[in-house]
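> Quick one: structure below, then a few questions.
The values are calculated or read from the model by the stated rules, or taken from the named source; none is laboratory data. Keep in mind it's a predicted model, so treat the numbers as computed, not measured. Note: ideal-geometry Cβ built from the backbone for every residue, glycine included; neighbour counts use all protein chains shown.
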């Protein structure tokens, strides 16, 4: 079974692996330590010390606060909300709901009809990083992507202690 170090996991995150390396990594059995190494690489890249429990998107993490609270946090350190809440409702939202706004992204005559579809762009209030884009009908509610069971994930799937816990 192949073992991967922090350097290679970092290259995986950055998209810098050669195709054959990526294929071998994806095709081989996963070593037990890979997720811990992955979290370690992510933790080294952020300017704060709250332990990352789970990455939930580019720039977004569920972290463990000293108080025991679990929150959604951005790379920059901006804290959104409790991880059980919908972080999107705490983000800056830009809605492309006119032809003019759509044409900033799509070539003219190739954009969706704003009466049928809008683009919702979610941005971090702290650093303005784009966190997600949704293409939805105009009336569609803001939905939460998923609701992870972190304790079960660590205790039953990974069978490792939660970061930040003794």
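> Anything in the stretch 110-122 that is surrounded by 14 or more Cβ atoms within 10 Å (Cβ to Cβ) and over 16 Å from the mean Cα position of the chain (by Cα)? List them, or say none.
Across the stretch 110-122, the qualifying residues are 111, 112, 114, 117, 118, 119, 120.
> Residue check, residue 131 against (1) out of contact with any helix residue (DSSP H, G or I) (no Cβ under 9 Å at 6 or more places or on another chain); (2) surrounded by 14 or more Cβ atoms within 10 Å (Cβ to Cβ); (3) not in a loop (DSSP other than H, G, I, E, B), all met but one. Which one?
Tallying (1) out of contact with any helix residue (DSSP H, G or I) (no Cβ under 9 Å at 6 or more places or on another chain); (2) surrounded by 14 or more Cβ atoms within 10 Å (Cβ to Cβ); (3) not in a loop (DSSP other than H, G, I, E, B), residue 131 fails exactly one: (1).
> Moving to a separate point now. Residues of the stretch 18-53 being at pLDDT 90 or above, assigned to a loop (DSSP other than H, G, I, E, B) and over 30 Å from residue 78 (Cα atoms), which ones?
18
> Now for a separate question. Of the residues 148, 125, 107, 141, only one is part of a loop (DSSP other than H, G, I, E, B), surrounded by 15 or more Cβ atoms within 10 Å (Cβ to Cβ) and either at pLDDT 95 or above or outside the structural domain of residue 35 (by TED's automatic domain parsing) (or both); which?
148
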